[in-house]
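Each value in this text was obtained by applying a stated rule to the coordinates, not by laboratory testing. Everything quoted here is computed from the prediction, not taken from an experiment. Don't worry about glycine lacking a Cβ; one is built from the backbone with ideal geometry, like all the others, and counts go over all protein chains shown.
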Amino acid sequence: MNILVINAGSSSLKYQLLDPETGVLKAKGLCERIGIDGKFTYKPAVEGKAPQNAVDIPMPTHSEAIQAVLNALVDPENGVLSSMSEIDAVGHRVVHGGESFAASALITPDMMKAVEACNPLAPLHNPANIIGINACTAVLGEDVPQVAVFDTAFHQTMPEVAYMYAIPYEYYENDKLRRYGFHGTSHRFVSARAAAMLGKPIEELKIITCHLGNGSSICAVQNGKSVDTSMGLTPLAGLPMGTRSGDMDAGVMEYIMNKYDVDMKGMMNILNKKSGVAGVSGVSSDFRDLDAADAAGNHRAALAKQMFCYDVKKYIGSYAAAMGGVDAIVFTAGVGENSPALRTEMTSGLEFMGVAPIDQEKNQLRGSEVDISGEGSQVRVLVIPTNEELMIAMDTAEIVKAL
Ligand code: AMP
């Protein structure tokens, strides 16, 4: 089976062609500068086929971008498909499904109205995702089924007590302002893999999944369901991130806005783009740069890393309390998968809750699923590479097979 996975942004579009049954990736790439000039990247995963790297292809709209992807996939010389009819379905990442979508869904004109109704909840992301879906329909026609996979859907199982904000109730009733959470596809994928690694049904497990990348979130997964997560109405909440502040006292906003005459748009720009570890360190949003600066004696780079680890540890403790225990802690995404030093820091001092110091030899391994738990640990500590595209392809295949 061939599933084309699309992640459309406002001026970019990432794609992968995958077989969801074997997990084999056939090709992937990126369209950038859509609506500006257009740069096209294509990486076939088949030997003997030539890649293309940021080549100029005019892309006035997302439709030309999708057409460029399809042209590359069926190219007689370097394509990986003999015709477009070999694409069985398309799976789209959609950021916000609001309260309308607790699972992935077949794309129909009616369901698209419900997706559009979520646009005010994610004004930067959802409209771009919708443009990607419409572009696919325009280029591929109505006969190729398409599925939407929502970042928020996995978290729809959160209980009211976890998702409500302590603000006047009418904002929930009238405007649906509440915690939604994001990275749901990743948390679902790695928690399922954790259960497989532990050889136990996920319905019997309490797992804390730490998706730590440029954007970071933590999720409490009890019996296979998200019961709490650190991001909120928007992906600004929770942990400090590359450039996002994470949680802080809303009074800080009032102070900055008044004293420095910053309007709300400017304030949100500060919190989304100039804060997090980049804001604290003044060095970079990338943890590799922070490591280098820290090694050279930069106090603020060290502090930014410490603040990040401290908050991760606090979430681990609070989610263990929320679930009444924890069987496994999972690290995934750029930082979670690649930083042995931060994993050590984030799990140190947790012996009181059954987490033994992690195995430093296993902690150095890269690129595959590893159990890095220390000897005698009651709580397993796992590193699991995330694969959101594969999860999207698997969901798409499941829905399309049932048609
Ligand atoms: P992601 O958003 O999941 O792609 O993660 C990207 C982030 O992972 C980068 O900004 C880096 O901060 C971090 N990262 C990647 N490789 C490493 C590494 N070897 N050590 C520390 N951080 C890393």
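Worth a mention:
- Peptide packing for 258-265, 44-51 was compared via the average number of neighbouring C-beta atoms within 10 Å per residue; ordered from the highest value, the list is 44-51, 258-265.
- Result for the chain in a Gaussian network model with C-alpha springs under 10 Å: among 174, 126, 272, the largest mean-square fluctuation is at 174.
- Amide H within-cut-off set for residue 380, under 5 Å, with H built and near neighbours excluded: 328, 329
- For the range 37-43, Karplus couplings with θ = phi - 60° (6.51, -1.76, 1.60), whole Hz, Gly/Pro x: 10, x, 10, 10, 10, 9, 10
- The GNM of the chain, with springs linking C-alpha atoms under 10 angstrom apart, assigns the highest mean-square fluctuation among 383, 355, 74 to 74.
- Set of aspartates and glutamates near residue 314 by C-alpha distance (under 18 Å), chain-local residues within fewer than 8 positions excluded: 228, 247, 249, 327, 345, 351
- The chain, dipole about Cα centre (Lys/Arg Cβ +1, Asp/Glu Cβ -1), debye to the nearest 20: 640 debye
- Charge dipole (the chain, unit charges on Cβ, about Cα centre) - positive-most of 281, 174, 153: 281
- Close amide H contacts of residue 246 (hydrogens built in the peptide plane, cut-off under 5 Å, sequence separation of 5 or more or a different chain): 241.
- Averaging Cα coordinates gives a centre for the range 273-347 and one for the range 124-139; these two points are 34 Å apart.
- For residue 38, residues with placed amide H under 5 Å, excluding near neighbours: 59
- As an equivalent ellipsoid, the chain spans semi-axes of 34, 26, 23 angstrom, where each value is the square root of five times an eigenvalue of the C-alpha gyration tensor, largest first.
- 18 Å Cα-Cα threshold exceeded, pairs from 28/49; 206/305; 28/113; 176/225: 206/305; 28/113; 176/225
- Coupling constants for the range 347-354 follow from the phi torsions by the Karplus curve (6.51 cos²θ - 1.76 cosθ + 1.60, θ = phi - 60°), and in residue order they are 10, 7, x, 9, 4, 4, 10, x Hz; glycine and proline get x.
- Taking other residues whose beta carbon is less than 13 angstrom from the beta carbon of residue 30, and scoring Lys, Arg as +1 and Asp, Glu as -1, yields +3.
- Straight-line cross-link partners of residue 259 among the lysines, defined as a Cα under 22 Å from its Cα and at least 8 positions apart when in the same chain: 273, 274.
- Protection proxy ranking of 227-233, 27-33, by the mean of other Cβ atoms within 10 Å over each peptide's residues and highest first, is 227-233, 27-33.
- Of all the options 20, 123, 357, the one that moves most in a Gaussian network model of the chain with Cα springs shorter than 10 angstrom is 123.
- Loop sites in the range 77-173: chymotrypsin sites (Phe, Trp or Tyr not before Pro), DSSP, at most 16 other Cβ within 10 Å: 165, 169
- Phi-derived couplings, Karplus 6.51 cos²θ - 1.76 cosθ + 1.60 at θ = phi - 60°, listed residue by residue for the range 89-100: 6, 10, x, 10, 6, 10, 5, 10, x, x, 8, 7 Hz, with x used for Gly and Pro.
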